[in-house]
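Only the coordinates and a few stated rules stand behind these numbers; no lab work does. Every value quoted in this text rests on a predicted model; they were computed, and no experiment measured them. Ideal geometry is used to build each Cβ from the backbone, glycine not excepted, and the neighbour counts take in all protein chains shown.
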Amino acid sequence: MRTRFIRSSVVAAVAVIAASLSGCAASAPEPAVRDLVRVPEDSTLAEAGALIADGGIILISPGTYTESLEVHADDVTVRGLDRNGVVLDGERTRSNGVVGTGERVTVENLTVRNFLQNGVLITGVTDESGAGVARGPDGYLPGKTPPPVPGYLVQAVTAENNGLYGIYAFNRTGGVIRDNLASGGSDSGIYVGQCEDCNALVQGNVLVSNAAGLELANASQVVVQGNRIVGNRIGISVLSNYLEAHGPTASVQIVGNLIADNNEHETPVHAGGAFGIGVGLAGTVDAEVRANTISGNASVGIWVTSSEDFAPMGTRVSGNAWGGNALDAAFTPASAALGSNNCFELGAGATADPAELTSAGCADPLPAGVFRQPPAPDGVVFSDVPLPPERTGLKDVTEEPRSLPDRVELPDLSGIVPPAVDLLAEGNG
């Protein structure tokens, strides 16, 4: 009896202590959010997103981080202290490097590589858990598209060897993507999608060794200016489709870019089989391609065609510098989606299919050509693409967060001329 009593007393005491501890744990406050989170001094990278307050800044010290960061707060700045020394490495096992779902988010001055999906994802779509996603689950279904989220800036980021996109902006408006290096993307180096009024500027980036350098899908009101887009399979792909909301893509301006030598074999295979194309426009409305240097592309400099039942409408091609393309321009819409008011001012010596493009100006519609995409060569997996040379990071790295507008002021493009072939070349900006 005495033994049983002692044992029962011990069990009861343990139960009381456990209940007490459990009550303490249940009432423990959530970690206090703060305006400044230093990684790794204050937090791990993965935990920093839950600790940062609206309007705060996450500062990341040099080092290699085998983690991901997801930020849901508004007006947050994510800043590496050294563009080339702060490396987020997905080790080909994690989906995304940095995910921003809050309003007016900034990501800058760091490197993201080896993620299975995206290096940087700035998205206006979240799943039931609140995690940021792209293309779903209801991101592109008619009648279920969430409203776009305003404001973002991605700059001085190096995105290398990522399984889908280096930098991906989805269902967002009022954004700037500038001064980045994107390489080794299995789909594209930079992608902007699903925004009816993107109010987006893609400027001063170096896009090399991707399946596509830049891709815009159902992304209207975008300016693409002053980028170096070389050595991909396709330089720029602009299309309309039914995989996302807000088709067709309208009012894209591609002005003052170097779009050259997009014939690189040591790149991931493009999903559409494209190779050797400078600019591809598929089912776009009121696209302008002007004052670019478009050269050395093994299939065609610019290709304008249909996409499903989206017809090319209101295309303007003028003032570009051509050289060394197998064919400078091709216009091959489907007979069921010919489009209208497509204008080609190619200049003396340009080559085109149909040949009438060289002197047609505007036609309504132009006759369909016979150009077809040649077979693409075998490629490599994204993780095997050689890393490009490092780029210079931000000159001033402070602890001050950035204040972004909901809408950006797009540049005046009126005085731009075709750039030289050394635009943003290594050691040249």
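Amide H to amide H, which residues 5 or more places from G296 or on other chains are under 5 Å from it, using H placed in the peptide plane?
D261, G323, G324, N325
Residue by residue through region 420-426, which ³J(HN,Hα) values in whole Hz follow from phi under the Karplus form 6.51 cos²θ - 1.76 cosθ + 1.60 (θ = phi - 60°), with glycine and proline marked x?
For region 420-426, the Karplus curve yields 6, 6, 9, 3, 6, 5, 3 Hz.
Could the peptides 224-237, 168-181 be put in order, highest first, of the mean number of other beta-carbon atoms found within 10 Å of their residues?
Packing proxy ranking, top to bottom: 224-237, 168-181.
Once amide H atoms are built 1.01 Å from N in the peptide plane, which residues 5 or more positions from A334, or in another chain, come under 5 Å H to H?
Distant-sequence amide H within range of A334: S306.
Per residue, how big is the convex hull around the C-alpha atoms of the chain? Give it to me in cubic angstrom, could you?
It comes to 168 Å³ per residue, whole-number rounded.
If we sort 304-315, 189-200 on the protection proxy, mean other Cβ atoms within 10 Å, highest first, what's the order?
So the order, starting with the most tightly packed, is 189-200, 304-315.
Could you give me the ³J(HN,Hα) list for region 152-158, computed from phi with Karplus coefficients 6.51, -1.76, 1.60 and θ = phi - 60°, whole Hz, x at Gly and Pro?
Residue by residue, region 152-158 yields 6, 9, 10, 8, 6, 10, 9 Hz.
Give me, ordered by chain and number, the residues 5 or more places off G151 or on other chains with an amide H under 5 Å from its own placed amide H.
The list, which skips near neighbours in sequence, is R104, T173, G174.
Residue by residue, what Karplus-based ³J(HN,Hα) values in Hz, rounded to whole numbers, does region 392-406 have, using 6.51, -1.76 and 1.60 with θ = phi - 60° and x for Gly and Pro?
5, x, 4, 6, 10, 10, 10, 9, 8, x, 8, 10, 9, x, 6
Just need the relative contact order of region 232-307 here, percent rounded to a whole number, with Cα pairs under 8 Å and 6+ apart.
41 percent
If you count, for each residue, the other Cβ atoms within 10 Å and average over each peptide, how do 87-97, 252-262, 32-42, 395-405 line up from highest to lowest?
252-262, 87-97, 32-42, 395-405
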